[in-house]
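The block underneath contains the structure these notes are about, expressed in structure tokens.
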Amino acid sequence: MSFEFIKKLPTPAEIKEQYPLEKGLVELKKQRDSEIADVFTGKSDKFLMVIGPCSADNEDAVLDYVSRLAKVQEKIKDKVIIIPRIYTNKPRTNGQGYKGMLHQPDPEKKPDMLAGLLAIREMHIKAMKETGLTAADEMLYPENFRYFEDILSYVAVGARSVEDQQHRLTASGMDIPCGMKNPTSGNLSVMMNSVIAAQSGHTFLYRGHEVKTEGNPLTHTILRGSVNKQEQCIANYHYEDLILLHRLYEERNLVNPACIVDANHSNSNKQFMEQIRITKDVLHSRNNSPEIKNLVKGLMIESYIEGGCQKIGEHIYGKSITDPCLGWEDSERLLLEVAELV
């Protein structure tokens, strides 16, 4: 075999023992999970804003950013629930480039997966303790979810992972909301089949064990736009797209029909300032259609302290080293406007 086995990593239980959640944070997460779940089940009419950096590459800047979100959350708590994006896994289209904190806790140093696991837990726990907010991350590697299941309140499965069997089956064992993005092709049936699979129970192999799951009723869809064969971005956040998705849910008779709209990626053609216009467009559709209002539970925004992006090594504090993001002033203004429009 061509694999070089570098070192055996600690089990999730061992990592959790090394970086445990204190009782107060366990209760905080339980409360946050309940509030967020109520949005997806329809018990709450609050709106979700999953917002934060494209990739969380620097602990100091991430904690600074989330602390700013916490202050805004207090102002809009009656209307909006903010879920910080603390994304520590970065999928790469061709496998090249920075793959996130899991691989490189320091983007300028060599990969160190154990150091990455520890850095992620430490950062998430600090964010919870300092801000009272629990966060979202992308599930790029299903076998790693157990390392973080006690600190995350939301999980997304990306456009390149949504058709993978192990992602779907792992999501079926979660007790937090899991969003399934449409694939880069834009095929909505792939996304819907992923939701069906994750809402169902399964028996499968996971981390060396035969496991059984009951299904995750909080699994839902995420619209993120698509790319056609001419490599042109095709948006899918418009009124007609949302009505179509509502019909697809009705045809499949799924529980808790719900959608989050990703305002960046192929919906914005990665023109990060477009996220402001797209957000208002989605809210306009939502306010003009009872079906869309019941379906669209929130938005996903890429945002950081400084707008745009930079190359690794430029060392501009709070600026993305992957996809470009909204800057803080625009982000704060947008959150306050969302609270007025929902």
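Confirm whether K30 is free of Cβ contacts under 8 Å to residues at least 12 places away in the same chain, outside any helix (DSSP H, G or I) and more than 17 Å from the chain's Cα centre (by Cα).
On the way: free of Cβ contacts under 8 Å to residues at least 12 places away in the same chain: yes; outside any helix (DSSP H, G or I): no; more than 17 Å from the chain's Cα centre (by Cα): yes.
In short, no.
Cβ-Cβ contacts under 9 Å between residues 6 or more apart (or on different chains), taken from a first residue in region 211-223 that is on the phi > 0 side of the Ramachandran plot and among the small types (G, A, S) to a second residue that is assigned to a loop (DSSP other than H, G, I, E, B) and surrounded by fewer than 24 Cβ atoms within 10 Å (Cβ to Cβ), are listed as G215/S172; G215/G173; G215/S200; G215/G201; G215/H202. Would you say I292 is within 30 Å of P107 (Cβ to Cβ) and of a type in the set (V, I, T)? When the stated conditions are applied, I292 does not pass them. Counting only strands (runs of 3 or more DSSP E) that fall entirely inside region 151-209 and contain at least 2 residues that are under 15 Å from the mean Cα position of the chain (by Cα) and crowded, with 23+ Cβ neighbours inside 10 Å, the qualifying elements are 152-157, 178-181.
Just need a number here: residues in region 290-342 that are in a loop (DSSP other than H, G, I, E, B) and either in contact (Cβ under 8 Å) with a residue 60 or more places away in the chain or crowded, with 17+ Cβ neighbours inside 10 Å (or both).
At the first step, the residues of region 290-342 found to be in a loop (DSSP other than H, G, I, E, B) are 304-305, 310-318, 321-324, 327, 342.
Now restrict to residues that are either in contact (Cβ under 8 Å) with a residue 60 or more places away in the chain or crowded, with 17+ Cβ neighbours inside 10 Å (or both): 304-305, 312-313, 317-318, 321-324, 327, 342.
Number satisfying all stated conditions: 12.
Put simply, of Y98, Y65 the only residue that is assigned to a helix (DSSP H, G or I) and under 21 Å from K270 (Cβ atoms) is Y65.
Closer than 14 Å to E302 by Cβ and in a loop (DSSP other than H, G, I, E, B) - does that describe any residue in region 39-54? Explain how you work it out, then say what you get.
Applying the first criterion (closer than 14 Å to E302 by Cβ) to region 39-54 yields 49-54.
Subsequent filtering for residues that are in a loop (DSSP other than H, G, I, E, B) retains 53-54.
The answer is yes; a qualifying residue exists.
Only the coordinates and a few stated rules stand behind these numbers; no lab work does. Treat the numbers as computed from the prediction; the structure is a model and nothing was measured. So basically every Cβ, Gly included, is an ideal-geometry build from the backbone, and we count neighbours across all protein chains shown.
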